[in-house]
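Let me begin by presenting the structure, written as structure tokens, before commenting on it.
Quick note: the coordinates plus some simple rules give every number you see, no bench work behind them. Just so you know, these numbers come straight off a predicted model, no measurement behind them.
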Amino acid sequence: MDGYVSTGAGWFTLSLVNAGLAQGKGRSGWNWFVASVFLGPLATFLIVTWPALEVDRGIDAG
């Protein structure tokens, strides 16, 4: 039983880390948290390898 608890805690922690990584790359933290619950390390791989999104900050360059 303890193995299931520690595995679940690790999976949940990985999901939180992935949400933070996703937000840092301009993506939805909540969506990636949910995806990470199901995909786990595969979601981490996708977040790390995909390029960051261009974020429009609403500042006029002209």
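A few points about this structure:
- Length released on extending from TYR4 to LEU42, taking residue separation times 0.36 nm less the Cα-Cα span: 11.7 nm
- Cα point-scatterer Debye curve for region 7-49, base-10 log of I(q)/I(0) at q = 0.19 Å⁻¹: -0.42
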